[in-house]
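Colleague: Before we start, here is the structure in question, set down as structure tokens.
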Amino acid sequence: MKDQGRSLRKRTGGRLRPKRDKRKHELGSEPTETQVGETKLKTVNGRGTETKVRAIKTDAATVATDDGTVAAEILDVVENPADPNYARRNIITRGAVIETSEGEARVTSRPGQDGQVNAVLVE
């Protein structure tokens, strides 16, 4: 991936030559595209002793309502402003509008980073 690290251009548009190649710890990873389906999680190692739980597939969401929070079933992805194709492919990211058993809700968590889907009902 090219978009991590220092820019190859100066503010004026001039070229900056890289001082060295990328190191292993500077490389990124492919985004986790969480899909609607039977729950499947994956644990990955972060830097230091940290671990991340990535949701590969999920069909459960915690939806915040006026009365409190309820566990709901994800039925479909209605809209995803990150990419129109994501809605067609049923991929959940932060900001996506999902159809749940409680109604339409907007995702507030990052399922590819947190391993869970938290959402708020859309009026």
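Colleague: Consider only pairs whose beta carbons are under 8 Å apart and that are at least six residues apart or on different chains; among these, list those whose first residue lies in the stretch 4-28 and is at positive phi and whose second residue is open to solvent by less than 100 Å² (accessible area, probe 1.4 Å).
Modeller: Between residues of the stretch 4-28 that are at positive phi and residues that are open to solvent by less than 100 Å² (accessible area, probe 1.4 Å), the close pairs are G5/K22; G5/E26.
Colleague: So, of the residues in the stretch 84-123 that are under 12 Å from the mean Cα position of the chain (by Cα) and more than 16 Å from R54 (Cα to Cα), which turns out to be surrounded by the most Cβ atoms within 10 Å (Cβ to Cβ)?
Modeller: So in the stretch 84-123, the residues under 12 Å from the mean Cα position of the chain (by Cα) come out as 86, 91-96, 107-118.
Of the ones still in play, those that are also more than 16 Å from R54 (Cα to Cα) are 86, 95-96.
Numbers: Y86: 19, G95: 13, A96: 24.
In this case the residue turns out to be A96.
Colleague: Do the conditions hold for D76, that is, is it closer than 30 Å to E123 by Cα and in a loop (DSSP other than H, G, I, E, B)? Talk me through it step by step, then tell me what you get.
Modeller: Working: closer than 30 Å to E123 by Cα: yes; in a loop (DSSP other than H, G, I, E, B): no.
It is false that D76 is closer than 30 Å to E123 by Cα and in a loop (DSSP other than H, G, I, E, B).
Colleague: If you go through the stretch 96-109, how many residues are modelled with pLDDT of 95 or more and in contact with a Ser or Thr (Cβ under 8 Å, 6 or more places away or on another chain)?
Modeller: So the count comes out to 1.
Colleague: Kindly state which strands (runs of 3 or more DSSP E) lie completely within the stretch 10-73 and contain at least 3 residues that are open to solvent by 90 Å² or more (accessible area, probe 1.4 Å) and not charged (D, E, K, R).
Modeller: Details: elements: 34-36, 40-45, 51-58, 60-64.
The qualifying strands (runs of 3 or more DSSP E) are 40-45.
The values are calculated or read from the model by the stated rules, or taken from the named source; none is laboratory data. What you see is a predicted model, and the numbers here were worked out from it, not measured in a lab. Virtual Cβ from ideal backbone geometry, glycine too; neighbours counted across all protein chains shown. Accessible surface areas use protein heavy atoms only, side chains included; no ligands, DNA or RNA. Shrake-Rupley method; radii C 1.70, N 1.55, O 1.52, S 1.80 Å.
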